[in-house]
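Below is one structure, written out as structure tokens; the observations come after it.
Quick note: the coordinates plus some simple rules give every number you see, no bench work behind them. What you see is a predicted model; the values in this text were computed from it and never measured. FYI the Cβ positions are ideal-geometry reconstructions off the backbone, even for glycines, and counts take in every protein chain you see.
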Amino acid sequence: MFSAYTKKVQEAYLTPANLEARTQKWLDDIEPYNRREVQFDLQRAALVIVDMQRFFCEPGQPLYTKNSAAVLPKIRLLTEHFRERGRPVIFAAQQNKGELIDRGESLRKWWPTVPLEGTREVEVVEALAPLPSEKVIAKRRYSAFFATDLELTLRSMGVSQVVTAGLFTNVCVEATARDAFMHDFLVFLPADACAAMNEQMHLAALRTLAYWYAKVLTVSALIQE
């Protein structure tokens, strides 16, 4: 039933071929909202990759989206950029211990199918496989900050700027970006390194984030900065 409901809102709006053009269109659209002048400093930044897991990126899974394949190369490029320069890469992976252990009634109603801790579905996709030195944070809710030690980890590493990427733009990526902002981190969101179930959701999230919480840009612009 959940999969059938999801199919009603799913839209394969991104491909590797159209990603650049679509991204420029989004940036043009949100330009009136995206006016904050903040300087990116890689030496103060960490990359937080959200929910790039088999559960969302592998065909046949309940929350699989084809759009993940289009943004995966951009996320990988961003990951390699941070790794090559010795900057932290942190993975936030949605998972629960059990249906009735760490899932409240509201989450069970909104999200009846859950990736369980220890299963193959919660693994980060192979193309982004975390290095032994990189932290994978198990998150139980949408935000990677909620009831986790992400803030402690970032503070311990001397991080004051956060780059967010992954799935879905309007859900876990947005929730994480909002919480990063609320914890006084400067937030940067590459619009071509995240995706939603459909383009309307993606674009609405970009507008909101640009106006209130994050500087929205592209992976190439972030790397050049």
How would you rank K135, K109, going from fewest to most other Cβ atoms within 10 Å of each one's own Cβ? K109, K135
Please identify, among Q94, Q200, Q53, the residue showing maximal mean-square fluctuation in a Gaussian network model of the chain using a 10 angstrom Cα cutoff. Q200
May I ask you to list, by number, the DSSP H helices of the chain whose Cα span along the axis is at least 15 Å and whose average Kyte-Doolittle hydropathy reaches -1.0 or more? 19-30, 67-84, 199-212
At 0.36 nm per residue, minus the direct Cα-Cα distance, what do E80 and T15 gain on full extension? Give it in nm, one decimal, please. 21.3 nm
Can you grab the distance from the C-alpha centre of region 195-225 to the C-alpha centre of region 65-110, Å, no decimals? 16 Å
If I take R0 = 45 Å and measure r between the Cβ atoms of S133 and I101 in this structure, what FRET efficiency does the formula 1/(1 + (r/R0)^6) give, to the nearest 0.05? 0.90
Would you mind telling me the antiparallel percentage of the DSSP bridges in the chain, rounded to 5? 5 percent
Which ordering of K25, K139, K8 is given by a fewest-first count of other beta-carbon atoms within 10 Å? K8, K25, K139
To the nearest 500 deg cm²/dmol, what mean residue ellipticity at 222 nm is calculated for the chain from DSSP H runs of n ≥ 4 alone, each contributing -39,500 (n - 2.57), summed and divided by the residues? -10500 deg cm²/dmol
For the chain, modelled as a GNM with alpha-carbon contacts under 10 angstrom, which of M182, M197, M52 fluctuates the most? M182
Ranked on Cβ counts within 10 Å of their own Cβ, fewest leading, R76, R35 go R35, R76
Under a point spin-label approximation (7 Å from Cα along Cα-to-Cβ), what is the S156-E31 distance to one decimal in nm? 4.4 nm
Pairwise label distance in nanometres, E117 with Q24, each label 7 Å out on the Cα-Cβ vector: 4.7 nm
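Suppose the chain between K109 and E126 were pulled fully straight at 0.36 nm per residue; how much longer would it get relative to their current alpha carbon spacing?
3.1 nm
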Positive end of the dipole of the chain, charges at C-beta (+1 Lys, Arg; -1 Asp, Glu), about the Cα centre: which of A129, Q95, L19 has its Cα farthest in that direction? Q95
Can you give the local net charge around E126? Use residues other than it whose beta-carbon is closer than 15 angstrom to its beta-carbon, Lys and Arg +1, Asp and Glu -1. -2
Taking the Cα centre of region 18-224 as origin and charging only Cβ (+1 Lys, Arg; -1 Asp, Glu), how large is the dipole, in debye to the nearest 20? 140 debye
Diffusion coefficient, µm² s⁻¹, Stokes-Einstein with Kirkwood Rh over alpha-carbon pairs of region 107-154 at 4 °C and 1.567 mPa s: 102 µm²/s
